[in-house]
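Notes for the one structure printed next.
Read-outs throughout are calculated quantities, based only on the coordinates presented, and are distinct from any laboratory measurement. From a predicted model like this one, the values you see are computed outputs, not experimental measurements. Ideal geometry is used to build each Cβ from the backbone, glycine not excepted, and the neighbour counts take in all protein chains shown.
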Amino acid sequence: MKASWVAEKKSVETSLVSGAELFIQGLQNENVDVVFGYPGGAVLPIYDALYKAEMKHVLTRHEQGAIHAAQGYARVTGKPGVVLATSGPGATNLVTGIADAMIDSIPLVIFTGQVATSVIGTDAFQEADIVGITMPITKHNYQVRRAEDLPTIMKEAFHIANTGRKGPVLIDIPKDVAVKTAKIKENSDIHLPGYQPTLQPNILQVKRLNEALQLSKKPVVLTGAGVLAAKAEKELLCFAEYHQIPVAQTLLGLGSFPADHPLCLGMAGMHGTYAANMALYDCDLLIGVGARFDDRLTGNLDHFAKKAIVAHIDIDPAEIGKNIQTEIPIVGCAKETLSALNQTAGEKGDTSDWVIHLSTYKSEYPLTYKTDENELKPQKLLQILHEVTKGAAIVSTDVGQHQMWAAQYYTFSAPNRWITSGGLGTMGFGFPAAIGAKIGNPDLPVIAVVGDGGFQMTLQELGVLQDWELPVIVVIVNNKSLGMVRQWQEIFYEKRYSHSLLDIQPDFVKLASAYGIDGKRAVTEEEVREALTAALSSKKPFVLDCVVTADENVYPMIAPGKGIHEMIGVRG
Amino acid sequence: MRRIISATVLNESGVLNRLTGLLTKRQFNIENITVGHTEDPAVSKVTLTVWVEDDRKAEQLVKQLHKQINILKVRDLTNMALVSRELALIKVLTTPDTRSEIKMLIEPFRATVLDVSLENVTLEVTGDSEKIDALIELLRPYGIKEISRTGVTAIPRGTQKKVLELHPYSIM
């Protein structure tokens, strides 16, 4: 494979090639198999080159759909998602997705068209300073000034996006740069003196952690998306089993440790399990792996892991000590660090009492809800989803109640099957992300679990399902409200439901039908089960509108400003 | 506390924007900032003075700056033995009576007169910020018309005799 492109590259070295063709070659060099995008004036030369190259391109119905699809693709494949949009509004429509990818460390390479270099800075038609706009929400960004720079910039961009702490990189290409021809430089090796991510951990710190492990009676591991990004699930399992340490996960870390494992405590944080949160509260050694201790996880910092020695393993040194005081800082890739820990593991500490103690919490305070025969409970809906798909589906969500129920009740036993907007909390993320996930992993069933509010933000992407006949199943958790907003208004604002009730909504089944997609409205558990089973076997796109209890709340819950041990609604 | 941070950056457009944008995003307030070329034309040096609440914030600042792709090296010079200088241009009102008095006054500060007119003189003074502050206070009674200060630029001394509180950053 590699030899063939070297040969190909040599053959064109002498010829003049346009910026747009260099762009295509750059994508081919990176083995890009799909581009998510939307055309427009400034990217016409690039789209022309795409047309000639027969590069697979998914035309979404809005640029936001394109970038979320690329995020879903990146999340399940581990490869950078590639996005292409035009200048001005095309580029600004990507901003939400860029910010989302930045905060959740999702590798993306985003190409935006730009007005010609001769008119940049003159407020030309469809001009926006996208490099300036996206500076704080990209890992890095570029504006290409000369066509001959494009190959090096693309190489750098893919490298930066998918190494170290992953993230979005944007490349802004002025229209004339795409048109101008350039000689291909023989040597377009990248040189990034200011970017050398640390992968190998400091052996001294590894030793310190091993020593702490021997003394610890109540250790807990908290795993985040960093474990998934590093593909370190096996090393994590080996580490936890050897030392017999219970494992809690962050929202984005779900799937990093098998949910059905006896040492698994489930999700921690604002809507986490009692066992996971109490473990974080009570532990004497907290080992954070690829997690960034954000406020939705820790609750009030004055009560978070106060009795513990904190060890933090992260590829990004800036995360260590950012939110919590860290005694054992380990900068390194989760995979390398965990294997170093496994290789140098000393004697085990005695954690048996602690493990038993937490198991009691697990059995005595499980996630629970009140059942009602006359209504479809959203929690039950997610349990049915798990049952019908045998827990093997890729599930994507927006943000809010349905997201939390999916995190709580669709338990993940394998990595890279959970796609959710964690840090930014983007409504409208789940459905387009599911499209990208299906394209990235066509073998597994893909289910977009969305709220009735969020779905209405990006439902135009039904056109993509129709277009590509993608068997994505959209499950609308329909409570006719912006559920999480409504829940907070109920609890903290004396039930003043200010603009959170969506009584007026479209007939989602008819809407699907308008796109030539089958749909069904389900109000009972049986209807859900039947429709899902049929949809899964049909291998066709499907929209399932599930009418659930409208005033159901997500519990347990840590109220804002409260400590991680002060959960409300524990027993349901 | 006041921190003097030195950053070596690639001499590319947008770097300063990225750097100051980062400080805004993370809520650091820049007191002053200087940028200039170094011995390598591809590399510039930024010296900035910032107010931070505590050591942890200072560490965050260094780490966040270091994360930027086109920032090559970041050093917190605050607790190092260093030479730091600032230049100020000061325009002071004068009368025939005060002109020679001012000349006497500025002598110990090694300030020089750059421009003289009938109503005022313009002085140049170089030194650490405290020295410049002192001179300004001294001249204030005469009536200061205009001040222009460059901000601090700094370099660590060749010999570091005693480092009071060098923080073991976990970057490397």
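Computed quantities for the displayed model
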read-out	value
Efficiency of FRET between A:GLU241 and B:GLU146 - r from beta-carbon atoms, R0 56 angstrom, step 0.05	0.20
Shape of chain A, Cα gyration tensor, a/c cut at 1.5	oblate
Hydrodynamic radius (Kirkwood) for region A:435-532, which is based on Cα pairs only, to one decimal in Å	15.0 Å
Calculated FRET efficiency for the pair B:ARG157/A:LYS234, C-beta based, R₀ 35 Å, to 0.05	0.10
Under 5 Å, built H, 5+ apart or other chain: amide partners of B:GLU31	B:THR49, B:VAL50, B:TRP51
A:GLY81 long-range amide H proximity, modeled H, under 5 Å	A:ALA74, A:LEU108, A:VAL109
Positive-end extreme of charge dipole, region A:378-554 - chosen from A:SER513, A:TRP405, A:PRO415 (charges on Cβ)	A:PRO415
Inter-label distance for A:VAL119 and A:ALA559, nm, one decimal - labels placed 7 Å from Cα along Cα-to-Cβ	5.8 nm
Quarter of Cα convex hull surface for region B:2-76, i.e. mean projection, nm²	4.4 nm²
Charge dipole of the protein assembly as shown about the Cα centre (unit charges at C-beta), most positive-ward option of A:PHE111, A:THR326, A:ALA531	A:THR326
√(5λ) per eigenvalue of the Cα gyration tensor, region B:83-154, largest first, Å	21, 11, 10
Net charge dipole size for the protein assembly as shown [Lys, Arg +1 and Asp, Glu -1 on Cβ; Debye, nearest 20]	1060 debye
Kirkwood Rh, Cα atoms: Rg over Rh of region A:513-572	1.23
Pairwise Cα inverse-distance average, inverted: Kirkwood Rh of region A:2-183 (Å)	16.0 Å
Principal axis dimensions, largest first and in whole angstrom, of region A:72-137 by Cα	41, 19, 15
Computed over region B:13-172, the ratio Rg/Rh where both radii use C-alpha atoms and Rh is Kirkwood	1.06
Tensor-based shape of region A:203-364 (alpha-carbon gyration tensor, a/c under 1.5 rounded, otherwise prolate or oblate)	rounded
Per-residue ³J(HN,Hα) for region B:71-77, Karplus 6.51 cos²θ - 1.76 cosθ + 1.60, θ = phi - 60°, Hz, x for Gly and Pro	9, 8, 8, 10, 9, 8, 8
Point-charge dipole on Cβ atoms (K/R +1, D/E -1) for region A:513-572, about Cα centre, debye to 20	220 debye
Rounded to 5, percent antiparallel among DSSP beta bridges of chain A	10 percent
Within region B:115-157: Cβ-based charge dipole about Cα centre, in debye rounded to nearest 20 (Lys, Arg +1; Asp, Glu -1)	140 debye
FRET E, pair A:THR344, B:GLU31, Förster distance 41 Å, beta-carbon r, rounded to 0.05	0.35
Rg followed by Dmax, in Å, when region A:378-554 is reduced to its Cα trace	15.0, 47
Inter-label distance for B:THR24 and B:ARG85, nm, one decimal - labels placed 7 Å from Cα along Cα-to-Cβ	3.2 nm
Positive-end residue, region A:374-489 charge dipole about Cα centroid, Cβ charges, pick of A:VAL464, A:ALA392, A:GLN487	A:GLN487
Sites matching trypsin sites (Lys or Arg not before Pro) across region A:14-71 that sit in DSSP coil, with at most 14 neighbouring C-beta atoms within 10 Å	A:LYS56
Per-residue HN-Hα couplings for region A:339-354 [Karplus 6.51, -1.76, 1.60; θ = phi - 60°; Hz; x = Gly/Pro]	5, 4, 5, 5, 5, 9, 4, x, 5, 7, x, 9, 10, 4, 4, 5
Length-normalised contact order for chain A - Cα pairs under 8 Å, 6+ apart - percent	14 percent
Region B:34-86: GluC sites (Glu not before Pro) in DSSP coil with no more than 16 other Cβ atoms inside 10 Å	B:GLU39, B:GLU53
5 angstrom amide H check on B:LEU123, placed H, neighbours 5+ away	B:ILE90, B:LYS91, B:VAL92, B:LEU114
Residue mean of other protein chain beta carbons inside 10 Å, A:189-197	4
Shape of region A:152-299, Cα gyration tensor, a/c cut at 1.5	prolate
Estimated vicinal HN-Hα couplings, Hz - region B:112-117 in sequence order (Karplus 6.51, -1.76, 1.60; Gly, Pro = x)	10, 8, 9, 8, 10, 10
